[in-house]
Structure formats: C-alpha cells, structure tokens
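Report on one structure; see the data block that follows.
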Amino acid sequence: MHDRFDLEDLICFVRVVDLGGISAAARSLGRSKQTVSRRLHALEQDLDVRLLERSTRSVRPTPTGQRLYGAALAVVSAAHHFVDLTDEVKHRPSGVLRIASPPLFARRFLAPVVEEFLANHPDACVHLELELRHERLVEANLDLAFRIGPLEDSSAIARRIGAASIVCVGSPAYLDATRRPEHPEDLRDRPFVAYGRAPHRTTQARYIFTRGSSKHEVAVQGRLQVNSHEIAHSACRAGLALAVLPWIVVEDDVRSGVLEHLLPDWPIPLVDLYLLRPSRPTGGATVDAFLELVEPILEAAPWNATP
C-alpha cells in the first residue's frame, strides 16, 4: 500500500458511486471513460481492496467500497471546501496593510481613505507609519509608501502622482516691520522657519529660486528648525520669521491675506510625489482594495494646486 494516493482518484470513486456508472461520472467530470477507469484501478491498487463491482449494466460499491465511500466523500468535500476558502481569502481584503507616508500627506489625504477602508473591510488592519526618513520598502516591511522628493529606493516600483508647489511666505506684520524682499538675495539675512532636519547641527537652510533659465540658490538662517509643516506654518503666521512651505499648506492664508506670497516671479522648483510598491508586490487583495479607494484622490491630485 502506498503512503499517499491521488485526490483525483477519490473524486472519481465518489462520483462513480453517486452516479452509478463510469460513463456518467466521466461526463460530469469532463474526463474520458478510460481516464476514470484508470483512476479507479489505481485507487484499488493503492488501497489493496476491491471498491466496485462492475457489470455490463452498472457499477456499484462492494461492501468495503460502501464503508469507505463515506470517508472518501468527507475527504473530497473537505478538499473542495479548502479550495473555496483559499479563493475567498485570496479575493477578500484581510490581514495587515502597512503604509508609510509623510505626516502632512497622511493627515490631508490618506486619513479619510484609511477610515473608509477599515469600515468596508472588517478583516483588515492598517499600520500607517508617518515617516520623515525614507526606508527601503522591503527592509521596512511596507506594502505601500507615499514619498515626496527624490527617490532613494531604486528597487521599488514607482508611480509619479504629481508635483507640489513650494512657496516663500511671510506675515504682513513681519514684512511691514522690515521690508519686502524683491530678489532671492534679499532673503540671505532674514530669519526663517526652516522645515526639515538640520544636518550637523547647522542652522542654515538652502533654497533654490528660478526665473526662466536663471537659477539662484540662497542659504538662509533657520531661526526655528522643525520637521513639522504645521508648526512651521504657525510660527510664520505669528510673525516670527519667513518660511518656505507647500502651497497646499498656506493657500488659504495667502488668499485671505493672513500671509503674503513672496517673490512670485522667482518660483521654487516643484517637488515630485510618488506612490511606491515593492518590486515583488505584497498584500494581494488587501492592497488592491486600498488602491481602489485612493485612486480617485490620486487622479484629482489636489497637491498639484499652484499659486
């Protein structure tokens, strides 16, 4: 007796007993009569028992075959249930979805999508990492990552989803007390709220301004160095210093006069935004379901707004 036998043999045996004939079983299984007969013979050989009594008119189980039929039916039913359950799991969002995003992007755009995703898919969980440094997706065990600026992870599949406008702004009160800059060079001696993490404890930040084919890089003094757009925005509104911030952060204040857009004729280069996936995509149906929800936002791309 063999340690293992083919599940197909059991399926053929059960179907023959159910339908009372090899020809009928072969038709229902979409196989030839010869194939089903060969499967039955192989099963009897493996088990070393006679399972079926064959006559010219019918096929019926032997007493041993009748006793084993119930167990065979249970195995076949369990196998079908296993396949059905596998298909269901493959196509139903479940498990943990791991996403990384810059804090501003997550709060402005991803939070509502995450809430809707969790409401729609009770078997799924989301780990949303608000990151400022860019880790490789595989090393960080991420399914998706939204990134701003130059890409460092060349192993990931990158989709460019737009570009954000960056502007220099100041409060009217601060500008009235000093003077409004007319050229990027006028910013050199002004205090700034500098967004980001300052390297090597320096208080300097560098910004590039362009006009046509001209490019002007200015090193400014970061009176406040902070890795939060919200805090930088608040400090600028309070008149503590000038700031360089995304247009989507300051647009309402500029339009209402709370802040002034400085040097509009010297725009700062756009910053690209990307959606990244591992080169070997993970997450399956869970990632697909999230992307389906976020796609309308990616198509609308509100971060592409310009002054």
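When you scan region 74-83, do you find a residue that is among the β-branched types (Val, Ile, Thr), at pLDDT below 90, closer than 29 Å to residue 156 by Cβ and part of a helix (DSSP H, G or I), even just one? Checking region 74-83: not a single residue is among the β-branched types (Val, Ile, Thr), at pLDDT below 90, closer than 29 Å to residue 156 by Cβ and part of a helix (DSSP H, G or I). Of all residues in region 263-285, those satisfying the criterion of being in contact (Cβ under 8 Å) with a residue 24 or more places away in the chain, assigned to a loop (DSSP other than H, G, I, E, B) and over 16 Å from residue 163 (Cβ atoms) are 263, 264, 265, 266, 278, 279, 281, 282, 283, 284.
The set of residues in region 147-175 that are small (Gly, Ala, Ser), more than 12 Å from residue 275 (Cβ to Cβ), in contact (Cβ under 8 Å) with a residue 40 or more places away in the chain and not in a strand (DSSP E or B) comprises 149, 155, 171, 173.
Results for (1) within 31 Å of the chain's Cα centre (by Cα); (2) on the phi < 0 side of the Ramachandran plot; (3) part of a helix (DSSP H, G or I), shown as yes or no for each residue.
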{"site": "179", "(1), (2), (3)": "no, yes, no"}
{"site": "206", "(1), (2), (3)": "no, yes, no"}
{"site": "222", "(1), (2), (3)": "no, yes, no"}
{"site": "234", "(1), (2), (3)": "no, yes, yes"}
{"site": "239", "(1), (2), (3)": "no, no, no"}
{"site": "243", "(1), (2), (3)": "no, yes, no"}
{"site": "261", "(1), (2), (3)": "no, yes, no"}
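Taking the conditions exactly as written (exposed (fewer than 15 other Cβ atoms within 10 Å of the Cβ) and at pLDDT below 95), does residue 255 satisfy them or not? In short, no.
Here are 154, 171: which of them is surrounded by 19 or more Cβ atoms within 10 Å (Cβ to Cβ), out of contact with any Asp or Glu (no Cβ under 7 Å at 6 or more places or on another chain) and hydroxyl-bearing (Ser, Thr, Tyr)?
Exactly one of 154, 171 is surrounded by 19 or more Cβ atoms within 10 Å (Cβ to Cβ), out of contact with any Asp or Glu (no Cβ under 7 Å at 6 or more places or on another chain) and hydroxyl-bearing (Ser, Thr, Tyr), namely 171.
Considering region 19-76, and only residues there that are over 52 Å from the mean Cα position of the chain (by Cα) and among the hydrophobic types (A, V, I, L, M, F, W, C), the residue that is surrounded by the fewest Cβ atoms within 10 Å (Cβ to Cβ) turns out to be 49.
Any chance you could count how many residues in region 104-146 are part of a loop (DSSP other than H, G, I, E, B) and of a type outside the set (A, V, I, L, M, F, W, C)? The qualifying residues number 10.
Listed conditions (1) within 32 Å of the chain's Cα centre (by Cα); (2) assigned to a strand (DSSP E or B) are all met by residue 215, apart from (1).
Scanning region 113-126 for residues that are surrounded by fewer than 18 Cβ atoms within 10 Å (Cβ to Cβ) and either farther than 29 Å from residue 245 by Cβ or at pLDDT below 95 (or both) turns up 118, 119, 120, 122, 123, 125. Of the set (1) surrounded by 13 or more Cβ atoms within 10 Å (Cβ to Cβ); (2) closer than 28 Å to residue 250 by Cα; (3) under 32 Å from the mean Cα position of the chain (by Cα), all apply to residue 149 but (1).
When 240, 263, 276 are screened for being modelled with pLDDT of 95 or more and either surrounded by 15 or more Cβ atoms within 10 Å (Cβ to Cβ) or in contact with a Lys or Arg (Cβ under 6 Å, 6 or more places away or on another chain) (or both), only 263 passes.
Elements of the type helices (runs of 4 or more DSSP H) sitting completely within region 1-73 and holding at least 3 residues that are under 20 Å from residue 83 (Cβ atoms): these cover 7-19, 22-29.
In region 123-142, the residues that are closer than 21 Å to residue 112 by Cβ reach residues that are exposed (fewer than 13 other Cβ atoms within 10 Å of the Cβ) with C-beta atoms within less than 8 angstrom, at least six apart or across chains, in these pairs: 124/96; 125/96; 126/96; 127/96.
The values are calculated or read from the model by the stated rules, or taken from the named source; none is laboratory data. Remember, it's a predicted structure, so these values are computed and weren't measured experimentally. We place every Cβ from the backbone using ideal geometry, glycine too, and count neighbours over all the protein chains shown.
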